[in-house]
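Every number in this text was worked out from the coordinates using simple rules, so none of it is lab data. Since the structure is predicted, the reported quantities are computational estimates derived from the model, not experimental observations. Cβ: placed from backbone, ideal geometry, glycine included. Neighbour counts: every protein chain shown.
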Amino acid sequence: MTYSTTLTQKGQVTIPVNIRRQLKLTPGESVSFRVSKKGQVVVEKNDWKKRLEKLQDQVTDHLKKHHIPVLSDAELQRLIEQSGQQAALERYRRSMED
């Protein structure tokens, strides 16, 4: 189905209600626009969870490609804590030298 709307002087358009319902858009939500190879404008709901999952997949693929081990959240948290402890110990050692 085709819907029509009018472009305002500020370059704004109203997304027709049927499209907003189909995309489950609510006021204040973000949408993205892209032009397809055929010159059609595609309006998509910005789904941050979907984009985050895609980014995680890309990072995982990159790590695997370069033979870098993928860490679990628990492993990463443990390493962060260890590095914090090491940094604190180093600061303490430096303070004792003065």
Note on segment 86-98: residues surrounded by fewer than 10 Cβ atoms within 10 Å (Cβ to Cβ) and polar (S, T, N, Q) are S95
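Can you tell me which residue within segment 1-49, out of those that are of a type in the set (D, E, K, R) and surrounded by 11 or more Cβ atoms within 10 Å (Cβ to Cβ), is farthest from the chain's Cα centre (by Cα)? Please lay out each step first, then the result.
Taking segment 1-49 first, the residues of a type in the set (D, E, K, R) are 10, 20-21, 24, 29, 34, 37-38, 44-45, 47, 49.
The next check asks that each one be surrounded by 11 or more Cβ atoms within 10 Å (Cβ to Cβ); those that pass are 20, 29, 44-45, 47.
Working: R20: 22, E29: 15, E44: 15, K45: 13, D47: 8 Å.
Looking at residues that are of a type in the set (D, E, K, R) and surrounded by 11 or more Cβ atoms within 10 Å (Cβ to Cβ), I get R20.
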